[in-house]
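The values are calculated or read from the model by the stated rules, or taken from the named source; none is laboratory data. If you're wondering where the values come from, they're calculated on a predicted model, not measured in any experiment. Cβ placement follows ideal geometry from the backbone for every residue including glycine, while neighbour counts extend to all protein chains displayed.
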Amino acid sequence: MKKKDYKARLYEVFDTDVEDMGYLDRMALIQNCLLEYQKDSEDKRDTSNKRKPWTDDELKIILSDAPSVQNCMKYAVLFKRGYGSIEQIYRWSTTQNQELSPRRREDKFIQQIKRVAKELGLRG
């Protein structure tokens, strides 16, 4: 299928009425569907940095932005990582130390996240 035809078909689907949804609700649904598709299709994109160490600068970039689904996906693609790893960085950065298991408190990656979050002035 040609790109032009593909785009035309997508637009046709986008313009299809959905129950009692207005335009803005339909656009939100489309965005949510696209994010779900990207998460479900992780095996189709480059995740060559999965399980590799993170740099402080990468963590600073992530933690300087809001913890949203859109940002998790954006950074997963940018850093060639899994969506879940970005989500976990946000979680660990705000989890209180006493809430972590003793094993997790000693984890070097979690300590790195906590240190970077503290440098950025984030609570956790």
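Descriptive notes on the structure:
- Residues that are of a type in the set (S, T, N, Q) and closer than 29 Å to residue 86 by Cα were ranked within the stretch 9-44; the one that is surrounded by the most Cβ atoms within 10 Å (Cβ to Cβ) is 38.
- Subset tally (residues that are of a type outside the set (Ser, Thr, Tyr) and assigned to a loop (DSSP other than H, G, I, E, B)) for the stretch 90-124: 9
- Residue pairs whose Cβ atoms lie under 6 Å apart, sitting 6 or more positions apart in sequence or on different chains, and linking a residue in the stretch 105-124 that is in the same structural domain as residue 89 (by TED's automatic domain parsing) and free of Cβ contacts under 8 Å to residues at least 40 places away in the same chain to a partner that is part of a helix (DSSP H, G or I) and surrounded by 12 or more Cβ atoms within 10 Å (Cβ to Cβ), are 110/92; 110/104; 124/93; 124/94; 124/117.
- Residue under evaluation residue 93, criteria (1) small (Gly, Ala, Ser); (2) under 11 Å from the mean Cα position of the chain (by Cα); (3) surrounded by 11 or more Cβ atoms within 10 Å (Cβ to Cβ), criterion not met: (2)
- So residue 49, is it surrounded by 13 or more Cβ atoms within 10 Å (Cβ to Cβ) and of a type outside the set (Ser, Thr, Tyr): yes
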